[in-house]
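Since the structure comes first, as structure tokens, the remarks are kept for the end.
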Amino acid sequence: MKYTVSIEIAQPRERVVQLLADPAHLPAWLRGLVLHEPLNGTHGQVGTTSRVVLRTGQQTMEGTETITRREPVDLQGFPGDGVVHFDREIVAEGMWNAARERLTEAGPGTTRWESENEYRFSGVLMRLAAPLLRGVFRTQSLRHMQDFKAFAEQGTDVRDERT
């Protein structure tokens, strides 16, 4: 199952990249994040693996994330017309996911974030259900992006919505 979602953020690309690359900000915009801890390597660097735990409602998903691409490696002072790439793979019980994130300048002070996602499932039931759940996965990805947009533009923290 594959899909692509995108969003424009009213912040310069360099600022968006800094916010995305800083693990201290993850809980503020990644709804449902319980834990994101590097098992080896440095957060965000190619080859780093991390334990990731996400909770949605009553369901908890635990997996291992591996950073597969980060370009440019040095996120300071990159060219204005270039593309910033963040790619990762997540493996969890019965599931493999690859996310390819692209950040480009959409205009003065505006960043376009495009996220290409691919999922593969090993269980027969999930393989059969995947086409029906495509919209659910796409909606969740877009929700994370919208949460990040609100965080980057207005400082909105998803944890403040908890009751």
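The values are calculated or read from the model by the stated rules, or taken from the named source; none is laboratory data. The shown structure was predicted, so the numbers you read here are calculated from the model rather than taken from an experiment. Cβ placement follows ideal geometry from the backbone for every residue including glycine, while neighbour counts extend to all protein chains displayed.
Checking MET145 against (1) within 14 Å of LEU19 (Cα to Cα); (2) more than 19 Å from the chain's Cα centre (by Cα): exactly one of these is not met. Which one?
(2)
Are any of the residues in the stretch 125-145 at pLDDT 95 or above and assigned to a strand (DSSP E or B)?
The answer is no, given that none of the residues of the stretch 125-145 is at pLDDT 95 or above and assigned to a strand (DSSP E or B).
Which of the residues that make up the stretch 83-118 are aromatic (Phe, Trp, Tyr) and touching a Gly at 6+ places or on another chain (Cβ under 8 Å)?
Hit for the stretch 83-118 is PHE86, nothing else.
Among what's in the stretch 1-52 and is within 17 Å of PHE86 (Cβ to Cβ), of a type in the set (Val, Ile, Thr) and free of Cβ contacts under 8 Å to residues at least 40 places away in the same chain, pick the residue that is surrounded by the fewest Cβ atoms within 10 Å (Cβ to Cβ).
It comes out as THR42.
Consider ALA99 carefully, then state whether it is in contact with a Lys or Arg (Cβ under 9 Å, 6 or more places away or on another chain) and outside any strand (DSSP E or B).
On the way: in contact with a Lys or Arg (Cβ under 9 Å, 6 or more places away or on another chain): yes; outside any strand (DSSP E or B): no.
So ALA99 does not fit the description; no.
For the stretch 106-140, which residues satisfy the criterion of being over 17 Å from LEU19 (Cα atoms), surrounded by 15 or more Cβ atoms within 10 Å (Cβ to Cβ) and of a type in the set (Ser, Thr, Tyr)?
TYR119
Are there strands (runs of 3 or more DSSP E) fully within the stretch 1-85 with at least 3 residues that are hydroxyl-bearing (Ser, Thr, Tyr) and modelled with pLDDT of 90 or more? List them.
2-9, 59-71
Which one is nearest to HIS36 (Cα to Cα) among residues in the stretch 53-81 that are out of contact with any strand residue (DSSP E or B) (no Cβ under 8 Å at 6 or more places or on another chain) and either in contact (Cβ under 8 Å) with a residue 24 or more places away in the chain or of a type outside the set (D, E, K, R) (or both)?
Looking at the filtered set, the residue picked out is THR56.
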